[in-house]
Amino acid sequence: MNDLKSLLTSSLNMYLNIGQTMLINTSQVFMSLETKANEFLSNKFSQSISNAQIQCPQNVNLNLTNNSKISIRSMMEPLASYDNTTYTNLSRLVTFSILDENENEISIQTDMSHPIEIIIPRDPSIIIPPMILQNVTSMNYTPHNQLFDLHYLNITSSLSISIHFEFQPLNISLDYLFIYKFDQLPQLNTSINTIDGWTCFCPLNLSNETLYKYFINNQQTSDHQSIIYGLRELNSTEMMNTCSNTSISSLPITDQRFNFTSNYQLRIYTSGCYYLDKNNQWKSDGLTVGPLTNHYETQCFSTHLTSFAGGFIILPESINWNYVFANADFMKNKTIYLTVICVSIIYIILIIYARFKDKKDIKKLGVTSLPDNHQSDEYFYQIIVFTDQRKGAGTNSNVDFIIYGDNDETHIRTLADSQRKILQRGGIDSFIMAVPESLGLLNCIRIWHDNTGKGLSSSWFLKYIIIRDLQTMEKFYFISQRWFAVEKDDAKIERILPVAGDIEKQKFSYILSKKAYHSVSDGHLWFSIFSRPPSNQFTRVQR
């Protein structure tokens, strides 16, 4: 787009002499190109771009010779469509450039004491919403009366914005005090003053629309996330002292509580001034929103020239904290209070349960040395046994096994731990087995139990076993996924599990079981409160 502008400017400029102007005005774009002598910029000048306007300060230093010719290119596009953001979707895009004799754009930099003023019109199709009635007289302030009627407003934005307040009293003879503070609650009485700004709304200041207006520019709101503002009526004494003069200089302070005698209407909107950087991204540094900004146009002050747009957003009704406090009793909000109480009780019960289970999980951690290890044995294997999550999967029966390898086999060994229960539902138990020498490559494991457990604890559902050679760190997988039970499956309590190859480890049933176990017992935030693996560092209470 910029290349097209340069080409068009260069073509038209060939036929323009000093003092001549070329206009292009279509439904989609307005463009003006005029040629001036360098002396033209020594005075303050204003440039109209359709219904937009740019005003430059006098004595702009462009470092040009006295006989230089300059070209002034002005352009306005209907909507600021660049960058696809919501900040500028209601604004015109205004571009103003000054070119030298060689069609090179001249950089113009000023300071904020002598800024460039830009008036940017908004989209004429914008419908201004009506003001919102604040029914403050209907609230019972007797138990909850405050010094101010407080409202909270979220002003979080990646680009700086200004805030425009419009108050319309239903009784125009009343006077009001308006205060605000960024990110915190404003407090104003005889003992404390923590406000960022204030003003008094007096009938003398009413505009033709019977509106009180207050403006906070984007330099003041920068780096803030919220604003809390308050309003109260002035009493007769304060009215005489504060609003009898045309200039308001003293801040009325009192400890007296108040009641509103009349309602008022409120409307709040934000404005912004933005420019396009070299990457076609909207920025707001070096731009200030002016106090003449209204519903139909944005006044911007800039220290440089580029493509400008103005933002405009009507904010939703702010939170009225006085209304919240005045209607916060239990009888008016039974459902809300009972819901909060029930949820809190359930939360406390879950915390107690989770803490109890976390303490039990600590006992399950660690690696157990098999009780039948011999002190003279110096070759070690780690055996990790995975018990299933299904009902009745754990066992209290005695479990024995024999491991067969290429070089040797073990004698009958027993899985046991004198300090804690093992092979419980969903458990992962780790053991250290000592043997005289390496068994070589492992071939299979013969494993069984004696069915001495009581009731459901007699049977056992073994998922799989991982055996790791602690000298070579080689792992061997033995996949079971079967019951060891006389009353279930094939009624066997003894099985021979061959070492799993790559094909067996890629089987759908094994992968699905392993993934489902991890997703439910560890990955799911709520289910894992009840089924968390003890080895995970993320405790049940933390979940």
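For the condition at pLDDT 65 or above, surrounded by 18 or more Cβ atoms within 10 Å (Cβ to Cβ), in a strand (DSSP E or B) and on the phi < 0 side of the Ramachandran plot, Ser32 qualifies. Scanning region 404-415 for residues that are over 16 Å from Ser369 (Cβ atoms) and in a strand (DSSP E or B) turns up Tyr404, Gly405, Glu409. Evaluated against (1) out of contact with any Ser or Thr (no Cβ under 7 Å at 6 or more places or on another chain); (2) in the same structural domain as Asp277 (by TED's automatic domain parsing), Phe178 falls short on exactly one condition, (1). Within region 168-207, the set of residues being free of Cβ contacts under 8 Å to residues at least 24 places away in the same chain and assigned to a strand (DSSP E or B) comprises Gln187, Thr194, Gly197. The criterion of at least 3 residues that are within 30 Å of Leu170 (Cβ to Cβ) and touching an Asp or Glu at 6+ places or on another chain (Cβ under 9 Å) is met by the following strands (runs of 3 or more DSSP E) wholly inside region 262-309: 264-276.
When we screen Asp149, Asp183 for residues that are modelled with pLDDT of 90 or more and more than 27 Å from Glu297 (Cα to Cα), the only hit is Asp183.
Here Ile116 meets each of (1) modelled with pLDDT of 75 or more; (2) in contact with a Lys or Arg (Cβ under 7 Å, 6 or more places away or on another chain) with one exception, condition (2). Mind checking whether some residue in region 455-465 is over 14 Å from Arg390 (Cα atoms) and under 50 Å from the mean Cα position of the chain (by Cα)? Yes: one or more hits.
Yes/no per residue for (1) surrounded by 14 or more Cβ atoms within 10 Å (Cβ to Cβ); (2) aromatic (Phe, Trp, Tyr); (3) at pLDDT 60 or above; (4) within 30 Å of Ile127 (Cα to Cα):
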{"residue": "Asn67", "(1), (2), (3), (4)": "no, no, no, no"}
{"residue": "Tyr87", "(1), (2), (3), (4)": "yes, yes, no, yes"}
{"residue": "Val94", "(1), (2), (3), (4)": "yes, no, yes, yes"}
{"residue": "Ile98", "(1), (2), (3), (4)": "yes, no, yes, no"}
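The set of residues in region 198-223 that are of a type in the set (S, T, N, Q) and more than 24 Å from the chain's Cα centre (by Cα) comprises Thr199, Asn205, Ser207, Asn208, Thr210, Asn217. If we scan region 233-249, do we find a residue that is assigned to a strand (DSSP E or B), touching a residue at least 24 places away in the same chain (Cβ under 8 Å) and crowded, with 19+ Cβ neighbours inside 10 Å? Yes: region 233-249 contains one or more residues that are assigned to a strand (DSSP E or B), touching a residue at least 24 places away in the same chain (Cβ under 8 Å) and crowded, with 19+ Cβ neighbours inside 10 Å. Of all the numbered requirements in (1) crowded, with 17+ Cβ neighbours inside 10 Å; (2) modelled with pLDDT of 70 or more; (3) not acidic (Asp, Glu), Leu41 misses one, and that requirement is (2).
The values are calculated or read from the model by the stated rules, or taken from the named source; none is laboratory data. Source: prediction; values computed, not measured. Virtual Cβ from ideal backbone geometry, glycine too; neighbours counted across all protein chains shown.
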